[in-house]
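Working notes, structure below.
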Amino acid sequence: MTKARSLALVCAGPISRAGIGRLPNLAEQLGPVKSGTMQRASRAVNSIGGGTPVSGYGDLENSRTVLINVPDQHLPAIVAELAVGVSWKHKVAVLCNSTLDSSSLAPLEALGAAVGSFEPIAGFEGQRYVVEGTSAAIREMRALLQQGRTRVVEIRRGAKTQYLVGVDFVSTLLTSALVASVKNLRNAGLPLKDAHSIAAKLADKSVRDYLKGGVAGSAAAPGMELKALAEGLEFANPGLIGYLRSSKIDA
């Protein structure tokens, strides 16, 4: 058995891309690290700069909190293995960097675990995390993440999908809307530099107006204007308008 520490990690895939290695003081707190093979566990340990590679789930038994950092498609199988390989009473299971939420850890919760999930909020350079889960798991995640300038924001349990849609609207979809704007301005005859300048200026103004005055103080487009916008979006970016319609947004 490896020397007991309070924090364990179950992982799959490159840790360097997952961002989990950026967690404050992770290397100092981390004990057993379990992956598909000892070689992969050793690579994860080397990437993080802490922890001890282990070969079996039984080596996690003395760790109070288990971080689970695996691709979403592999999670059900990993959870099934954890359910039979570890005693979960009085333990905390935390899902890291996943589009799934704590409900995906229901088999472990049924065995007595407190469950939660977290992921970094884009744009905050690893200093803001969104968390959700049971109260005990929230407390554990706050203790793990909220150090120095790093802070956490709690969302309602089960609302992670709604949160991620909100993120998509202001990131992926905002970029798509800017692309559609520039394409329409270019098709109207504007040089690329001018199209970029106008789109960027208007996007900045729209954000500032909305944050200052809400919908009433911003350039919301009702009625026939929305129809024209939909036609412009469909011309410039069919994928975006399809997403908007599937999201039940009256474009």
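The values are calculated or read from the model by the stated rules, or taken from the named source; none is laboratory data. This structure is a prediction, so every number in the text was calculated from the model and none was measured. Reconstructed Cβ throughout: ideal geometry from the backbone, glycine too, with neighbour counts over all protein chains shown.
To keep it simple, each residue is scored yes or no on (1) surrounded by 12 or more Cβ atoms within 10 Å (Cβ to Cβ); (2) more than 15 Å from the chain's Cα centre (by Cα); (3) free of Cβ contacts under 8 Å to residues at least 24 places away in the same chain; (4) in a helix (DSSP H, G or I).
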site	(1), (2), (3), (4)
TYR163	yes, no, no, yes
LEU173	yes, yes, no, yes
VAL179	yes, yes, no, yes
LEU185	yes, yes, yes, yes
GLY189	no, yes, yes, no
ASP194	yes, yes, yes, yes
SER197	yes, yes, yes, yes
LEU202	yes, yes, yes, yes
Q: Among the numbered conditions (1) surrounded by fewer than 15 Cβ atoms within 10 Å (Cβ to Cβ); (2) in the same structural domain as THR65 (by TED's automatic domain parsing); (3) among the hydroxyl-bearing types (Ser, Thr, Tyr), tell me where THR150 comes up short.
A: (1)
Q | Checking ARG156 against (1) closer than 30 Å to GLU61 by Cα; (2) part of a helix (DSSP H, G or I), the condition it does not meet | A | (2)
